[in-house]
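Below you'll find the structure, written out as structure tokens, and then a few comments.
The values are calculated or read from the model by the stated rules, or taken from the named source; none is laboratory data. Just so it is clear, the model here is predicted, and its values are computed rather than measured. For neighbour counting, all protein chains shown are included, and Cβ atoms are generated from backbone atoms with ideal geometry for every residue, glycine included.
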Amino acid sequence: MKITHVRIYPLSIPLLEPIKMSGETISLAQTVILQLEDSSGRFGWGEASVAPLMTGETLESLVASVKYLASNVKNFVWNNPDDFATQFNKILYANSSAKSCIEMALLDLYTQKNELPLWRYLQNKRGFKSTFKPKPLPILRMLGGSFDKEISDAKKLRSEGYRHWKIKVGLLPIDEDLIRVEALSDLLSGDTISVDANGAMTLDDAIRFCLSSSTKKLSFVEQLIPATDSTLSFSKLKEKSPIPIGLDESIHGFEEIEQFISAKALDGISLKLIKTGGALEALRCARLLEKKGLKLNLACKVAETSVSAAATAALGFAMNGADWGFSMSNQYLKFDICALPLKAQSGHIDCDHLGPTGLGVEPDPYRLKEALAKDFSLIEY
């Protein structure tokens with residue numbers, strides 16, 4: 001498989017409303033869309049999102065690293081996905097987001113060429129028979145904003161079939177967060193309910209939070225304390241907490257998962273392709289979690305388009321589910337760049353929502369040009 005043409009689209013897409021997290025407020029989704037064309041005229045698509053506090057990438061640096069990697073892809077023949085990571089590392093050190101973007105586009109081409117969907121290819125790598133159809137993925141919805149809005153949104157979304165939730169905490173004093181969490185947990189009783197502090201709490205506050213009667217209905221808590229805290233702090237939190245402990249910003253790959261497992265410091269993780277360097281390494285991580293009996297939350301960075309959502313969903317279908325839900329963040333965009341964006345039905349997404357080969361989605365050229373970030377332009381060669 002030989003690459004003949006490259007197009008890079010630096011995008012900036014407004015969100016339906018700003019998303020507030022400890023440390024940052026996101027009102028624009030800044031992401032890079034990559035199109036690779038092979039010698040047979042097929043198009044493969046990839047995406048990686050800006051995440052300064054997670055991967056260290058700004059739009060400028062992400063565009064530069066994707067451009068650098070993509071400028072070298074024409075020098076290789078891409079026939080074996082098992083060799084992709086090795087070839088990437090011969091070109092560029094680190095830069096997991098850019099490598100995920102390139103890998104996604106190459107896997108899209110590879111699975112189109114072999115006339116199978118990406119999720120089926122990943123499923124086969126996991127060792128499942130190709131006739132096995134995976135179960136639908138439950139979509140996790142984020143709750144934030146004013147308390148009245150959270151209650152209103154929860155009622156509306158629950159009537160549409162959603163049963164997996166993430167409540168953002170850490171922006172308010174802990175006692176106010178506990179009041180919110182208890183009220184929302186009572187409203188959504190019986191569902192899979194989580195909170196995410198994005199590392200905003202101290203260890204003492206995190207332990208107090210988990211021991212409070214207000215949090216007894218939570219299914220898990222995510223990244224309560226900073227990723228910079230010691231592994232020992234996470235071990236203490238897990239030891240004290242009656243609620244399962246999930247990690248996000250602390251985990252970037254297989255070795256870190258092994259480290260936290262050895263320290264008995266987690267019950268599950270939030271897995272993002274931009275952190276692992278792509279779907280193949282993410283599959284390896286997910287299989288480790290499965291082997292160890294740990295939980296999986298699949299997530300796109302706020303907020304990626306249907307391109308990244310399709311690749312992340314493919315991983316979920318390959319694993320036949322995600323206990324802690326799938327955070328499909330294109331649902332927070334004012335518009336998607338795909339003519340047929342991925343959408344939940346009754347709170348779930350099914351593999352039949354994707355096309356029959358490759359990623360199963362395709363961006364619309366007009367929407368791509370409309371979404372180009374200010375002071376950026378299409379890069380092609």
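Out of Gly190, Gly161, Gly199, which single residue is at pLDDT 95 or above, crowded, with 23+ Cβ neighbours inside 10 Å, at positive phi and not assigned by TED's automatic domain parsing to the domain that holds Gly56?
Gly199
Would you confirm whether any residue within segment 55-62 is in contact with a Lys or Arg (Cβ under 8 Å, 6 or more places away or on another chain) and either in a helix (DSSP H, G or I) or in the same structural domain as Ala279 (by TED's automatic domain parsing) (or both)?
No, the conditions are met nowhere in segment 55-62.
Here is a check on your reading of the model: is Lys343 free of Cβ contacts under 8 Å to residues at least 60 places away in the same chain, in a loop (DSSP other than H, G, I, E, B) and in the same structural domain as Leu157 (by TED's automatic domain parsing)?
Against the criterion (free of Cβ contacts under 8 Å to residues at least 60 places away in the same chain, in a loop (DSSP other than H, G, I, E, B) and in the same structural domain as Leu157 (by TED's automatic domain parsing)), Lys343 qualifies.
On the given criteria, is Ala265 outside the structural domain of Ala371 (by TED's automatic domain parsing), modelled with pLDDT of 95 or more, buried (at least 19 other Cβ atoms within 10 Å of the Cβ) and in a loop (DSSP other than H, G, I, E, B)?
Against the criterion (outside the structural domain of Ala371 (by TED's automatic domain parsing), modelled with pLDDT of 95 or more, buried (at least 19 other Cβ atoms within 10 Å of the Cβ) and in a loop (DSSP other than H, G, I, E, B)), Ala265 qualifies.
Does any residue in segment 352-381 that is assigned to a strand (DSSP E or B) come within less than 7 Å, Cβ to Cβ, of a residue that is buried (at least 18 other Cβ atoms within 10 Å of the Cβ) and β-branched (Val, Ile, Thr) six or more places away or on a different chain, and which pairs are these?
Gly358/Thr111; Pro363/Ile33; Pro363/Val307; Pro363/Ile337; Ile379/Ile8; Glu380/Val6
Being surrounded by fewer than 19 Cβ atoms within 10 Å (Cβ to Cβ) and under 29 Å from Gln259 (Cα atoms) narrows it down to one residue among Gly355, Gly316, Gly321, Gly325; which is it?
Gly321
Residue check, Pro14 against (1) farther than 13 Å from Ala70 by Cβ; (2) assigned to a strand (DSSP E or B); (3) free of Cβ contacts under 8 Å to residues at least 40 places away in the same chain, all met but one. Which one?
If we test Pro14 against (1) farther than 13 Å from Ala70 by Cβ; (2) assigned to a strand (DSSP E or B); (3) free of Cβ contacts under 8 Å to residues at least 40 places away in the same chain, just (3) comes out false.
Report yes if Leu289 is surrounded by fewer than 24 Cβ atoms within 10 Å (Cβ to Cβ), at pLDDT 95 or above, assigned to a helix (DSSP H, G or I) and not small (Gly, Ala, Ser), otherwise no.
yes
Go through Ser146, Ser152 for me and flag whichever is modelled with pLDDT under 95 and either more than 20 Å from the chain's Cα centre (by Cα) or assigned by TED's automatic domain parsing to the domain that holds Leu298 (or both).
One residue alone meets the criteria, Ser146.
Conditions tested, residue by residue: (1) surrounded by fewer than 21 Cβ atoms within 10 Å (Cβ to Cβ); (2) in contact with a Leu (Cβ under 9 Å, 6 or more places away or on another chain); (3) aromatic (Phe, Trp, Tyr).
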{"position": "Pro10", "(1), (2), (3)": "no, yes, no"}
{"position": "Ser27", "(1), (2), (3)": "yes, yes, no"}
{"position": "Ser39", "(1), (2), (3)": "yes, no, no"}
{"position": "Glu57", "(1), (2), (3)": "no, no, no"}
{"position": "Ser65", "(1), (2), (3)": "no, yes, no"}
{"position": "Phe76", "(1), (2), (3)": "yes, no, yes"}
{"position": "Met104", "(1), (2), (3)": "no, yes, no"}
{"position": "Leu107", "(1), (2), (3)": "no, yes, no"}
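Which residues, counting only those in segment 229-262, are among the hydroxyl-bearing types (Ser, Thr, Tyr), closer than 21 Å to Ala206 by Cα and either in a helix (DSSP H, G or I) or touching a residue at least 12 places away in the same chain (Cβ under 8 Å) (or both)? Reasoning before the result, please.
First, the residues of segment 229-262 that are among the hydroxyl-bearing types (Ser, Thr, Tyr): 230-231, 233, 235, 241, 250, 262.
Now restrict to residues that are closer than 21 Å to Ala206 by Cα: 230-231, 233, 235, 241, 250.
Matches in segment 229-262: Thr231, Ser233, Ser235, Ser241, Ser250.
Mind checking which residues of segment 76-131 are charged (D, E, K, R), over 17 Å from the mean Cα position of the chain (by Cα) and in a helix (DSSP H, G or I)?
Result: Asp82, Asp83, Lys90, Asp108, Lys113, Arg120, Lys125, Arg126.
Across segment 166-186, what is the total count of residues that are part of a helix (DSSP H, G or I) and among the small types (Gly, Ala, Ser)? Spell out how you get there, then give the answer.
Let us first name the residues in segment 166-186 that are part of a helix (DSSP H, G or I), namely 174-186.
With the extra rule that they be among the small types (Gly, Ala, Ser), the set shrinks to 183, 185.
Matching residues across segment 166-186 total 2.
The rows are residues; the columns are (1) of a type in the set (Gly, Ala, Ser); (2) at pLDDT 95 or above; (3) out of contact with any helix residue (DSSP H, G or I) (no Cβ under 8 Å at 6 or more places or on another chain).
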site: Leu15; (1), (2), (3): no, yes, no
site: Leu53; (1), (2), (3): no, no, yes
site: Leu59; (1), (2), (3): no, yes, yes
site: Ala64; (1), (2), (3): yes, yes, yes
site: Tyr68; (1), (2), (3): no, yes, no
